[in-house]
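Read the structure below first, then the notes.
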């Protein structure tokens, strides 16, 4: 409900085309019922709002009239009519009021002109002693206040009596009376509006809701109109009301009824420089939407991010915070959480939105090194983005280069090609090509860096693209289970580069040695036939999985990733594989990391097209490993120390 505050001034500001109210040309033969229905509709269809402002009036809306004031006989006639009508409760008074609305408008215009000639309210009360009683009685007549032409004149007459700096008791009393009249008209249930609503048999809240919805529908139609200046430059631009409509929405953004208008404003094409939206409106919508009280269509949300960079950045940071800090987020619901954020959809439609979100992710990669959740988030986000991009119509699509302008061209298409798009037999060859191209690129970049060029930037861009397309890293980890010693070289290098892209604080060659050593131990434990497990291999592997100062935690994450893939994809009897896996993971303290990787493997098996024989063999192993790991850890450390539940994992 829009309230008229008692201590401010009201100036009519039409937001939509107004409909003329009845005037004095009505014939006396019209029935009372038709009169009542017509003026009830006038009350509902009133399209004039009132905005708070200073005492200055916009007189350009008032038609020119003679400067002479009302004559004594006219004063006597209209004061008598106001007394006779009262609150227009009888059919006769209602009919008579409707008949005289046109002449009353002319008299009010004469009266307003006379009031503007007075120097003070005190002088007005002396010169026109009837004015207070006359205006007060008209304010209680709903057929007068419902009329679109008489109502603004009536209110302007009232405010002409208001003193900004009252000088005596008369003026202070007049100010108080005017505030009370307007307050009662706006707020009290026995006001003129309430009388009409009650007579119509509508609850007051239902009435105000209907009025708001009707106003919203009218404004949505107006907002949807094309810019009139495009066809006729001499015509007043229809976009002038866009800014005013957005300002009017600011205090009402939490109202569900306003959602269609907010969506229409956000989705309106920016074909004219006059169709700008208020910054306060964008801030209010963004704040309300982030707190979830406002429900917008997906496309309206995308348009909001196009209008407001702050809102877009806030949405991206909110997604990051939700996933990185919420222990309830699992790999199996990560994709749903990202899709529901609408950011992948927005990124597919607008490359600049993708670039903003990408910059935020890149900054987080630098700040949070080796965070498995962050790496999975960026990988899954890219999958959702590519799926949204593929769903667009051909004419709506742009090249990959628009989204990855800094990515090395030699890697862009090979990495963006998903493993499911080619036969599994082609994976090893494709990975060799990716690794060779990437390795050459990194070597050249490191040479350029030594010469003071931008080599480090090139290496970083290549690594970010690899993180986004981590499907190939997962495939490489899987293929290492059955790789030969010679064939494992490129795959281990790719895995090492993924976990350690730069030599800052670490030595990639040393980490590659650790990866090779871990792979050799795992090959002996999982693939070589032996009645008993070689204890020296177990001890060596356990040391590699424990973070050491010279390698750091990145080495541990690399080794546990290899361990998970060997336990899942090897042909080692499940009981033996389970024993090795659980003992190594528990000894290293990387239980949560191992569970996360296991779930990512299980999710990939469900999502991608694997052979049925491989899926039938591997998925049961994955579930058993998860069950055993969680059960043994819960038994050892207690259920409260675990962030995973059996039902969520399986």
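Counting other C-beta atoms within 10 Å, which of 164, 443, 593 has the fewest, and how do the rest follow?
164, 443, 593
Assuming a ≥ b ≥ c are the square roots of the Cα gyration tensor eigenvalues, decide whether region 238-402 counts as rounded (a/c under 1.5), prolate (otherwise, with a/b larger than b/c) or oblate.
prolate
Assuming R0 = 25 Å, what is the FRET efficiency of residue 218 and residue 84, from their Cβ-Cβ distance, to the nearest 0.05?
0.10
Roughly what would the spin-label model give for residue 576 and residue 613, points 7 Å off Cα along C-beta, in nm?
Label-label distance for residue 576 and residue 613, simple model: 2.1 nm.
Working out 0.36 nm times the residue gap between residue 437 and residue 297, then minus their Cα-Cα distance, what length gain in nm do you get to one decimal?
Using 0.36 nm per residue and subtracting the Cα-Cα distance, I get 46.1 nm.
Using r as the Cβ-Cβ distance of residue 179 and residue 326, and R0 as 60 Å, what FRET efficiency do you calculate, to the nearest 0.05?
With R0 = 60 Å, the Cβ-Cβ based efficiency is 0.70.
How high is the relative contact order of region 238-402, in percent, counting Cα pairs under 8 Å that sit 6 or more residues apart?
Once divided by the residue count of region 238-402, the mean separation gives 19 percent.
State, to one decimal in nm, how far the label point of residue 391 lies from the label point of residue 247, with both points 7 Å from Cα in the Cβ direction.
If labels sit at residue 391 and residue 247, their model points lie 3.9 nm apart.
State, to one decimal in nm, how far the label point of residue 208 lies from the label point of residue 73, with both points 7 Å from Cα in the Cβ direction.
Between residue 208 and residue 73, the label points sit 4.7 nm apart.
We did not get these values from a lab; they are worked out from the coordinates using the rules stated. Here the structure is a predicted model, which means the values were calculated and not measured. Note that we place each Cβ from the backbone using ideal geometry, even for glycine, and neighbour counts take in every protein chain shown.
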